[in-house]
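The values are calculated or read from the model by the stated rules, or taken from the named source; none is laboratory data. Computed from a predicted model, the values in this text were never measured in an experiment. Cβ atoms come from the backbone with ideal geometry, glycine included; neighbour counts cover every protein chain shown. These accessible areas exclude ligands, DNA and RNA; they are computed on the full protein's heavy atoms, side chains included. Shrake-Rupley method; radii C 1.70, N 1.55, O 1.52, S 1.80 Å.
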Amino acid sequence: MEQYFHWFDLLGIAVFAATGTLAAWRKQMDGFGVIVLATVTAIGGGTLRDLILDTPVIWLSNNSYFVAIFTAALLTILWVRKRLRIPNNALQIADAIGLAFFVIMGTQKALDHGASGFVAIMLGTMSGVCGGMIRDVLCREIPLVFRGELYAITCIFGGLVYVQLLALGTAKMPAMLAGMVALLALRLAAIRWHLTIPVFGKKGDLR
């Protein structure tokens, strides 16, 4: 089971690294900028989560995470160069897939370290959104999580589905997959139909 979790973790790392690479491409950054954005997007949220849990940051002793980051960045660069253009929502879709993996894995890690269900969901959400927040700040953009879209809410929803299924006695792997699917479905629906939450207007009004 731990082996499956490790591969899920690496897959989430790779997907988020790809979103960082796509963001660097959109901002016309150089190779160093690509690596920086890919890396902070991939491991930023998980690093903060581990520091809060007071547990060793996993990538300090496991080079496979950096192998996943660099491989994903390279493949993304090759793909972009071949296509010459990417769909406008490619970054959001890739980000949604990364969220599905990271939030549930982060929630499980928090549970493994004795966190309550509520705290685990919050730390899982942090695992999913903080890397993207750092990426957007470095790109001089308002983080996606603050733009009114259903983003953090989808993370909380996916984590809640996972924790509740575990509480009902569901086996860990089916519960994990269900949480990922629930999160991904809601996030993709938000992208497709532009589902939003109220945001402040220029004069302080809600719209």
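State which residue is farthest from residue 101 (Cα to Cα) when the search covers only region 167-183 and only residues that are open to solvent by 50 Å² or more (accessible area, probe 1.4 Å) and in contact (Cβ under 8 Å) with a residue 12 or more places away in the chain.
Step by step, filter region 167-183, then rank; the result is 167.
State whether the residues of region 75-98 include one that is open to solvent by 80 Å² or more (accessible area, probe 1.4 Å), basic (Lys, Arg) and touching a residue at least 12 places away in the same chain (Cβ under 8 Å). Can you show your working first?
Looking only at region 75-98, we keep the residues that are open to solvent by 80 Å² or more (accessible area, probe 1.4 Å), and these are 75, 78-79, 81-85, 88.
Filter once more, keeping what is basic (Lys, Arg): 81-83, 85.
Retained after the next criterion (residues that are touching a residue at least 12 places away in the same chain (Cβ under 8 Å)): none.
No; the residues of region 75-98 include none that is open to solvent by 80 Å² or more (accessible area, probe 1.4 Å), basic (Lys, Arg) and touching a residue at least 12 places away in the same chain (Cβ under 8 Å).
Quick one: residue 11 ticks every box in (1) under 12 Å from the mean Cα position of the chain (by Cα); (2) at pLDDT 95 or above; (3) surrounded by fewer than 19 Cβ atoms within 10 Å (Cβ to Cβ); (4) not charged (D, E, K, R) bar one, so which box is it?
(2)
All but one of (1) more than 20 Å from residue 129 (Cα to Cα); (2) aliphatic (A, V, I, L, M); (3) in a helix (DSSP H, G or I) hold for residue 100, so report the exception by its number.
(1)
Within region 111-133, identify whether any single residue is over 26 Å from residue 3 (Cβ atoms), outside any helix (DSSP H, G or I) and either out of contact with any strand residue (DSSP E or B) (no Cβ under 9 Å at 6 or more places or on another chain) or open to solvent by 10 Å² or more (accessible area, probe 1.4 Å) (or both), and answer yes or no.
Checked region 111-133: at least one residue is over 26 Å from residue 3 (Cβ atoms), outside any helix (DSSP H, G or I) and either out of contact with any strand residue (DSSP E or B) (no Cβ under 9 Å at 6 or more places or on another chain) or open to solvent by 10 Å² or more (accessible area, probe 1.4 Å) (or both).
Only one of these conditions is not met by residue 159: (1) outside any helix (DSSP H, G or I); (2) under 16 Å from the mean Cα position of the chain (by Cα); (3) not basic (Lys, Arg). Which number is it?
In the conditions (1) outside any helix (DSSP H, G or I); (2) under 16 Å from the mean Cα position of the chain (by Cα); (3) not basic (Lys, Arg), residue 159 misses (1) alone.
Scan region 100-151 residue by residue and report those that are touching a residue at least 60 places away in the same chain (Cβ under 8 Å) and touching a Cys at 6+ places or on another chain (Cβ under 6 Å).
103, 128
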